[in-house]
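The values are calculated or read from the model by the stated rules, or taken from the named source; none is laboratory data. What you see is a predicted model; the values in this text were computed from it and never measured. Because the Cβ atoms are built from the backbone with ideal geometry, glycine has one as well, and the counts that use them run over all protein chains shown.
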Amino acid sequence: MHTNELVSIIIPTHKGVETIGRAIDSVLSQSYSNIEILVVDDNGLGTPEQIETQKIVDSYLNPKIRYLCHKMNKNGSAARNTGIKHARGLFIALLDDDDIFYREKIATQINCLKTCSDEEIGVCYVGYETIFPNGTKMQMPANIEGKLTYAILRGDAHMPSSSILFKKTVWENVGGFDESFQRHQDWEFLVRLSSMYSIKAINEILMTRIILKRNSPNSAAKFETQRLYYLKKMENYILSLPSDKSEEVYLKHFSDIAKEFFKEGNILKGLKYIFKTKKTIKAFVHLTRNFVKHSKYRKFS
């Protein structure tokens, strides 16, 4: 593997006029120079957001940047697939339009895959800093690696799409992103990937993930629908685990759903999911820790 291989960075964007320029700038400032940027506009052709986004991208006058536009809004999964299909690079990196790469991110990941002798390694990911809506910051290390299917299913492996880099052939072998997903498409993709490949961690903070209100479901009912859809699609993977581990996966996700209903004051619906875990005491402990941990970082409305 040569260090001068082309890396394609895919930036899907939807209502990201205020942040897309910052994301592009963070890629153009990479120390690894053999890159191309594919901005995939998912706003819908002719919408005010699409017109403004194209103006911003065109203003760069940079041959490394290509602009692709969906005729109508699809979703983030479709935008990522569109970008990767048009990518010319051997390697693929993903960048959400509100996230930021640090200068050495791509170079560090390419060097990691270049020096890794394990042919089963399909992807490497980096640590990152999260900035929450109230301005509070939290660092997330990249400290687990290997066969991570269970860790991803349970939510113990923190690797948002902007943190990963992989060969285009890995995306092809896995089957791309599932375009039926409106949310959790990165989790679903990584579960399928981890069932075929090992994952390598780079325990350095090399990007910033910025949480905006537009990133989150606006109701507990919507959160419930999206999370249950993910669990249904992942059912075969979950049930293939030993029974104690599959129970832990469901406990985690049902507790998360319960939390959203409790936040809205819907105690009965929240309790329904606590009892659904079949481990009510452990579920309440998980829920309490979750509340304490995240109350410092988020503004609840």
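A few comments on the model shown:
- Residues that are touching a Phe, Trp or Tyr at 6+ places or on another chain (Cβ under 9 Å), of a type in the set (Gly, Ala, Ser) and either without any contact (Cβ under 8 Å) to a residue 60 or more places away in the chain or part of a loop (DSSP other than H, G, I, E, B) (or both), drawn from the stretch 1-23: 21
- Filtering the stretch 45-64 to residues that are polar (S, T, N, Q) and closer than 16 Å to residue 18 by Cα leaves 47, 50, 53, 54, 59.
- Any chance residue 98 is among the charged types (D, E, K, R), surrounded by 15 or more Cβ atoms within 10 Å (Cβ to Cβ) and not in a helix (DSSP H, G or I): yes
- Counting only residues that are within 16 Å of residue 191 (Cα to Cα) and part of a helix (DSSP H, G or I), the stretch 230-247 holds 11 of them.
- Against the list (1) farther than 17 Å from residue 163 by Cα; (2) in a loop (DSSP other than H, G, I, E, B); (3) not hydrophobic (A, V, I, L, M, F, W, C), the condition residue 30 fails is (1).
- Among the residues making up the stretch 24-52, those that are more than 15 Å from residue 10 (Cα to Cα) and free of Cβ contacts under 8 Å to residues at least 60 places away in the same chain are 33, 43, 44, 45, 46, 47, 48, 49, 50, 51, 52.
- In the stretch 103-138, residue modelled with the highest pLDDT [restricted to those that are under 17 Å from the mean Cα position of the chain (by Cα) and more than 23 Å from residue 194 (Cβ to Cβ)]: 129
- Some residue of the stretch 46-56 being closer than 26 Å to residue 182 by Cβ, at pLDDT 95 or above and assigned to a strand (DSSP E or B): no
- If the condition is being under 16 Å from the mean Cα position of the chain (by Cα) and not hydroxyl-bearing (Ser, Thr, Tyr), then the stretch 214-254 contributes 214, 215, 217, 226, 227.
Results for (1) farther than 30 Å from residue 106 by Cα; (2) modelled with pLDDT under 85; (3) assigned to a helix (DSSP H, G or I), shown as yes or no for each residue.
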| site | (1), (2), (3) |
| --- | --- |
| 217 | yes, yes, no |
| 252 | yes, no, yes |
| 260 | yes, no, yes |
| 265 | yes, no, no |
| 269 | yes, no, yes |
| 297 | no, yes, no |
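- So residue 83, is it surrounded by fewer than 21 Cβ atoms within 10 Å (Cβ to Cβ), at pLDDT 95 or above, among the small types (Gly, Ala, Ser) and in contact with a Leu (Cβ under 7 Å, 6 or more places away or on another chain): no
- Breaking point among (1) surrounded by fewer than 18 Cβ atoms within 10 Å (Cβ to Cβ); (2) in contact (Cβ under 8 Å) with a residue 24 or more places away in the chain; (3) hydroxyl-bearing (Ser, Thr, Tyr); (4) closer than 22 Å to residue 208 by Cα, for residue 60: (4)
- From the list 90, 113, the lone residue that is assigned by TED's automatic domain parsing to the domain that holds residue 26, in contact (Cβ under 8 Å) with a residue 60 or more places away in the chain, touching a Cys at 6+ places or on another chain (Cβ under 8 Å) and more than 13 Å from residue 13 (Cα to Cα) is 113.
Conditions tested, residue by residue: (1) under 15 Å from residue 278 (Cβ atoms); (2) hydroxyl-bearing (Ser, Thr, Tyr); (3) out of contact with any Leu (no Cβ under 9 Å at 6 or more places or on another chain); (4) assigned by TED's automatic domain parsing to the domain that holds residue 153.
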{"site": "243", "(1), (2), (3), (4)": "yes, yes, yes, no"}
{"site": "248", "(1), (2), (3), (4)": "yes, no, no, no"}
{"site": "256", "(1), (2), (3), (4)": "no, no, no, no"}
{"site": "261", "(1), (2), (3), (4)": "no, no, no, no"}
